[in-house]
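The values are calculated or read from the model by the stated rules, or taken from the named source; none is laboratory data. Quick caveat: nothing in here was measured; it's all calculated off a predicted structure. Glycine gets a Cβ as well: all are built from the backbone with ideal geometry, and neighbour counts include every protein chain shown. Heavy atoms of the whole protein, side chains included, go into the accessibility calculation; ligands, DNA and RNA do not. Shrake-Rupley method; radii C 1.70, N 1.55, O 1.52, S 1.80 Å.
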Amino acid sequence: MSYKIFVFLLIVFCQLSQETLTGPPEKKKDSDSEESKDEFISSIRDGDGASALKVVSAPDLSKEEGSSKEKSRSENEPMDASDLLLLKQAKWLQKMVQEIDGLKYTIVTENQEIETVMEEEEIPPLPENFGESELTAEEIEGNRIYEEAMALLNKTRPIRKTAFSLLLDASQKGNLNAKSLIAWALLFGNPIKQDLERAKKMFFELSEHGHAEGHLGLGFLYATGLNVNVSQAKALVYYTFAALDGNTWAQMILGYRYWSGVTVTPSCEKALDYYRLVAEKVSQGVSFGGGIAVQRIRLIDELESGYNSGILDNDLIEYYQLLAEKGDTQAQVGLGQLHYQGGRGVELDYQKALEYFTQAANSGNAVAMAYLGKLYLDGSDEIKQDNETAFKYFKKASDLNNPVGQSGLGLMYLYGRGVEKDYAKAHKYFLAAAEQSWVDGQLHLGNMYFNGLGVKKDYKQANKYFAQAAKSGHVLAHYNLGQMQAQGTGMMRSCPTAVEFFKIVAERGKWGELLMQAHNDYRDGRYNEAFVQYALLSELGYEVAQSNAAFMLDRGEVPMLSAGDSYLRALLYWGRAAAQGFSVAQVKLGDYYYYGLGTPVDYETAASHYRLASEQHNAQAMFNLGYMHEQGLGMTKDMHLAKRCYDSAADTSLDAKVPVTLALLKLNFMFGIQSLQESPFWKMDENDFLGSNWDLYLITMLAGLLGVIVYFRRPQIPVQPPVV
């Protein structure tokens, strides 16, 4: 039967990927079935001698005459329970295969080639109500509790502890969606205590039920080797199952893997397909206000700069609050914007934003009036949506020539929100806002020219305004540019450019909040919890998360991992971050190969990474290259190139001037030694006379000499004469 062939194919591929899946019970096969099996595949050998199956594209045979006839079950043949189970698995497999457009395979063994064409076979319908059982009272109660918990989580200010208490109750009553959220909470350690083993068991249970979150969780565990042995093959299989079931994170992971070539052959078109799916979901959730602001904080920058990368200090916030209470409109507007967008250590709170904006608006501030219009236009669970009030505030702000108010009026006229649609007025207001470089005005002008709303279609003008809005970081502008690049609308089609735009959009999804959550856990000393979250975001393709995970591993700040394992993982994450253009990660890769951390010492590879980083104007990489040229490590010894690299480092960064000065002093000393060596009177080997580390001693002496010079040249405080 055709559905049995589908099931057989599934079992073969699962065996090849070393995957353990639970399928239907095996049935005894007679001699006829054994012969048909031999005709399908000539030999399948167990163990090390297994024949490899190669998957290649097959020709399209669907339109050829004389194609094979459809096979169907005889009407008189009884359908027992095992056949029904097989049929259910076959229908699931057919649905999975149909997700891949025009999928056709050729299976090649060592001895023969057999072409298998996915024909549009009509599988016999299942019996009525097959596989659908009535929910028990406990399951109904579990569903009700789950919906109640999700209502708490979807609030503007989620009540997480209460929600997860309800989710735990719902998962115990058999609700799989609740169980998936509990599993992720156990993995992240937030808000439930971290328990990787328990999370793994729950993911396995979910996967056995075919739940996409279960496949995703197991894919993540196998990809990172947390509580399981690393298996990129299994990770890829689980990620693929989850993506085919519509899981957004899995689609994003596969998009990044095909884009960067992580464990798969790079494919721009496949990356485009996955990233476009994710970007579409993100774009549909963007409100007029733009949603919560997500900060990308690099831990390595925090260490080097010694400050908290934009997180506002509590004392500073209290100072602004004091000014606001005294009637300072700028402080009121600033606090209102902080609570409206969230981030920088301030929680999203529309009610507080409303209070501050109202105070400033009563004082005649146009920006506050415009943001009040935004609050009432979008509405929330704290503020009732009100088109009339929104129009009133937008009009007041627009009359004061405020671009936010002008853009808000344009939006209301464009979509007929509380007023009649009027494309001419919408265009007028958007143009006025765009002329003041306001991003929303630019975006909606682009939309009008792209769709021909009240104006003649003009893709060139649309691209112009979308590009202006994208420079200001508007997520929808990036999405629209990605669509134009992907389809070649008004321009030459460019798959790489489209992927880059869609990747930017995908990384602006709500899950980006995990970056802030991981950073908070890191600042609180919860290193295991922070690392797991950074590791997941690294799988999603966030370069900041990759560099932060590598930073923690490099410093040995992940207690769950050994020191040797940490360097191997750090090398992997530094490599992924470097591939996305982070120059500091390139320098770190060079350091790992130079010192042999997690990899054998390789000066040539180290020099190549330093060279790549120096092309990105990294002063540290230039200095390191200069030293390697000076010592002849991994490249030809060349004093002149060494001096050039040192000079470039000093020109690139002020922080490099002192070490470069010391290095140049040493280099000049070396020039003098070299000149003496070339004279006929020189008979001494400096290594025998001074030791192999003489250059380090010299730099130490020069540093001490420089310190003495700085000390004696410091400004002298004039001695005051005694007062008589």
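Assorted remarks:
- Those residues of region 250-271 which are out of contact with any Gly (no Cβ under 8 Å at 6 or more places or on another chain) and open to solvent by less than 50 Å² (accessible area, probe 1.4 Å), in sequence order: Q251, L254, R257, Y258, G261, V262, V264, S267, C268
- Every condition in (1) within 16 Å of K503 (Cα to Cα); (2) open to solvent by 30 Å² or more (accessible area, probe 1.4 Å); (3) in contact (Cβ under 8 Å) with a residue 60 or more places away in the chain holds for Y274 except the one numbered (3).
- Selection status of G405, touching a helix residue (DSSP H, G or I) at 6+ places or on another chain (Cβ under 9 Å) and at negative phi: yes
- The condition (being in contact with a Phe, Trp or Tyr (Cβ under 7 Å, 6 or more places away or on another chain) and at pLDDT below 95) is satisfied by just one residue among P158, P191: P191.
- Residue in region 669-684 that is among the acidic types (D, E), open to solvent by less than 50 Å² (accessible area, probe 1.4 Å), modelled with pLDDT under 70 and in a helix (DSSP H, G or I) present: no
- Among the numbered conditions (1) within 14 Å of A535 (Cβ to Cβ); (2) at pLDDT 95 or above, the only one that I182 does not meet is (1).
- Boolean, G541 is closer than 19 Å to R257 by Cβ and in a loop (DSSP other than H, G, I, E, B): yes
- Scan of region 569-608 for residues that are aromatic (F, W, Y) and in contact (Cβ under 8 Å) with a residue 12 or more places away in the chain, ordered by number: Y573, W574, F582, Y592, Y593, Y594, Y603
- Within region 376-407, the set of residues being open to solvent by less than 30 Å² (accessible area, probe 1.4 Å) and touching a residue at least 40 places away in the same chain (Cβ under 8 Å) comprises just one member, L377.
- Only one of G556, G581, G575 that is within 24 Å of A250 (Cα to Cα) and part of a loop (DSSP other than H, G, I, E, B): G581
- Of all residues in region 628-652 being touching a His at 6+ places or on another chain (Cβ under 9 Å) and at pLDDT below 90, the one that is most open to solvent (accessible area, probe 1.4 Å): H640
- Exclusive hit being part of a helix (DSSP H, G or I), within 21 Å of F391 (Cβ to Cβ), aliphatic (A, V, I, L, M) and open to solvent by 10 Å² or more (accessible area, probe 1.4 Å), set L443, L431, L476: L431
- Within region 559-586, restricting attention to residues that are within 22 Å of the chain's Cα centre (by Cα) and open to solvent by 40 Å² or more (accessible area, probe 1.4 Å), the residue that is farthest from L612 (Cα to Cα) is L568.
- Residue in region 203-223 that is in a helix (DSSP H, G or I), over 27 Å from V262 (Cβ atoms) and without any contact (Cβ under 8 Å) to a residue 60 or more places away in the chain present: yes
- Hey, E529 part of a helix (DSSP H, G or I) and open to solvent by 60 Å² or more (accessible area, probe 1.4 Å) or not: no
- Any chance P722 is assigned to a helix (DSSP H, G or I) and either open to solvent by less than 80 Å² (accessible area, probe 1.4 Å) or at pLDDT below 75 (or both): no
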